[in-house]
Amino acid sequence: MEEAFFFENEGHRIFGMLHYPSWESRNGSSSANVGIVFCHAFGDEAFRTHREMVVYARRLAKEGYAVLRFDYRGCGDSEGNFEDFTLKTRISDIRRAVDTLVEKSGVESIGLLGLRFGGALAAALATRDPRIEYLILWAPIVNGTKYVQFLQQSQMAHELGNFGKVISTRKRITEKLASSGTFDLMANIISQEVYKELLSFNPWKTSNRYPKHILIIGIEGDSHKASSLRALKEAYPNAETTLIKEKQFWFDKINQNPSNLYETTSQWLRSILHDFRQ
């Protein structure tokens with residue numbers, strides 16, 4: 001069963017979709033008390049990966065987990081303007097989503113699954129919220145400064161492909177943010193505040209509090225994959241890190257089926273819960 005609804009956070013109606021665990025999987029299942037909140041990617045990547053997140057949420061529900069997908073304020077069907085978001089508001093929305101999952105499903109163990117920049121945001125909350133026992137990061141963004149550079153490069157490639165020339169150089173983007181306070185990157189309006197936050201954002205070294213169980217999955221071919229995994233392994237010595245062959249489905253609007261990513265994640269969850277029962 002799936003339930004679409006809105007929940008409140010800081011004066012905004014946030015859209016959520018709760019995937020209840022199937023009755024068949026609940027009977028005698030060790031996953032029946034586990035709920036997972038999905039933290040989607042940033043901007044256009046969230047649109048491109050929507051289907052993949054839905055497919056895996058439904059798979060996890062069949063495997064016995066309660067799953068909550070939601071749209072950050074200013075995104076999707078949630079209230080608010082995209083340009084008003086900050087990293088603080090997004091982390092607040094994740095925290096409220098965790099509250100809502102517990103209230104509606106009654107689960108006792110909570111996990112976060114974050115894709116790309118959603119993984120960085122999930123990690124930021126996990127350092128502060130003792131309820132988070134499981135942290136799953138899919139191709140997470142590790143370095144805020146490099147991510148800003150990636151967004152800038154994406155904008156320039158978009159302009160070159162559509163207009164035959166690059167209009168928004170890095171210098172122009174920086175000057176625009178300094179003068180007007182906002183810039184349109186790939187149809188996503190970035191404020192000066194968010195720009196500065198991204199340049200200094202590093203959730204991996206802000207706290208000594210980490211979830212008990214952490215899975216980090218890198219995708220072969222993803223930029224900075226090797227150095228990123230090494231950096232996260234240093235931050236999370238007890239985490240399981242793995243590099244898999246999979247399509248970079250956040251780049252392609254053609255629906256993909258990252259089955260290897262799904263299976264690697266589900267196997268890890270099963271192994272964790274099996275060890276817990278033992």
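Quick note: the coordinates plus some simple rules give every number you see, no bench work behind them. Computed from a prediction, not measured in an experiment: that's the story for all the values here. Quick reminder, even Gly has a Cβ in these numbers, built from the backbone with ideal geometry, and neighbours come from all protein chains shown.
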Fill in: Subset of region 147-192 [touching a residue at least 40 places away in the same chain (Cβ under 8 Å) and either part of a loop (DSSP other than H, G, I, E, B) or of a type in the set (Asp, Glu) (or both)]
Met186, Ala187
Discussion item. Of a type outside the set (D, E, K, R) and within 24 Å of Lys247 (Cα to Cα): is that true of Leu68 in this structure?
Written reply: no
Worksheet item: Do we have Ser200 as closer than 15 Å to Tyr147 by Cβ and loosely packed, with under 13 Cβ neighbours inside 10 Å here?
Response: yes
